[in-house]
Structures are given as C-alpha cells and as structure tokens.
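The values are calculated or read from the model by the stated rules, or taken from the named source; none is laboratory data. Quick caveat: nothing in here was measured; it's all calculated off a predicted structure. Every residue, glycine among them, receives a Cβ derived from its backbone with ideal geometry; neighbour counts consider all protein chains shown.
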Amino acid sequence: GSVVASYPYDDSPTHKPSGIYSKSADDEVFKYLAKAYASNHPIMRTGRPNCPGEEGETFQDGITNGAQWYDVEGGMQDYNYVWANCFEITLELSCCKYPPTSELQQEWENNRDSLLAFIEKV
C-alpha cells in the first residue's frame, strides 16, 4: 500500500520493473483527474506517504504514472482505458491494505473532500 493517485499506463513497452514513464494519449487528462483527488487529501498532497519500509518514497503532487512507479502488465486500469475508453485512475489510500476498524473514521475524513472533488470532475 501507499498513499498516491496513479494513472495510465501501468504497463510499459520495455516491462522494466520501474522508472519508465508510459504516457497515454490522454496523459494530461489523467494527470488532471489524479491531481484533483490528491490535492484535496491531507497526506496524498504532500507526496510523502511515509509508509513503513518505504519512508523515502515520494510522489510529486501526490500522483504518479503507474509504470514509472512499478510496471504492471495486464492490469485493469490499462485494459479499461484501451478496450472500453474508461478513464480510470488507481487510488492507493493507505499504507495498510487492511486498516483496523478504529482507523476507518480517520480514513473517511482523509478522503471525503478528495472524493467530492473527483466526483465534481465527472
């Protein structure tokens, strides 16, 4: 897990594990949508999720191109974009994949404004 908004493409022509920016034809639109979410999230917007074991990981403006972060061959985000023209971003909302119940209220508060801003873009 992490705290970042990721956008297509997740796969790159070279399939290197990471570091390859894989630009889509709609790259600016995807960055706009990802920033709409990230800029309203108190942790994501800092670009420093500070996840255990990944303390040095940073994301400018709280967003990343999927393949630049890590290459995912055959992912749903790319499939939906290519085959269904669905503009989908992936939201990593927590360092913990399964946060305890006691943290869910805070997670809601962290994401409420981001969700509303993202919905407004529709």
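Scanning the stretch 46-68 for residues that are within 23 Å of Asp78 (Cα to Cα), in contact (Cβ under 8 Å) with a residue 40 or more places away in the chain and not in a loop (DSSP other than H, G, I, E, B) yields Gly62, Ile63, Thr64, Asn65, Gly66, Ala67, Gln68. Among the conditions (1) in contact (Cβ under 8 Å) with a residue 12 or more places away in the chain; (2) out of contact with any strand residue (DSSP E or B) (no Cβ under 6 Å at 6 or more places or on another chain), the only one that Glu92 does not satisfy is (2). Here Ala36 fits the description: at pLDDT 95 or above and in a helix (DSSP H, G or I). The set of residues in the stretch 16-33 being under 17 Å from Asn85 (Cβ atoms), hydrophobic (A, V, I, L, M, F, W, C) and assigned to a loop (DSSP other than H, G, I, E, B) consists of Ala25 alone.
Inspection of the stretch 8-16 finds no residue satisfying the criterion of being surrounded by 16 or more Cβ atoms within 10 Å (Cβ to Cβ), among the small types (Gly, Ala, Ser) and within 15 Å of the chain's Cα centre (by Cα). What tally of residues in the stretch 76-90 results from selecting those that are of a type outside the set (S, T, N, Q) and buried (at least 19 other Cβ atoms within 10 Å of the Cβ)? Result for the stretch 76-90: 3.
Taking the condition of a type in the set (Lys, Arg) and without any contact (Cβ under 8 Å) to a residue 40 or more places away in the chain, does Lys35 pass? Against the criterion (of a type in the set (Lys, Arg) and without any contact (Cβ under 8 Å) to a residue 40 or more places away in the chain), Lys35 qualifies.
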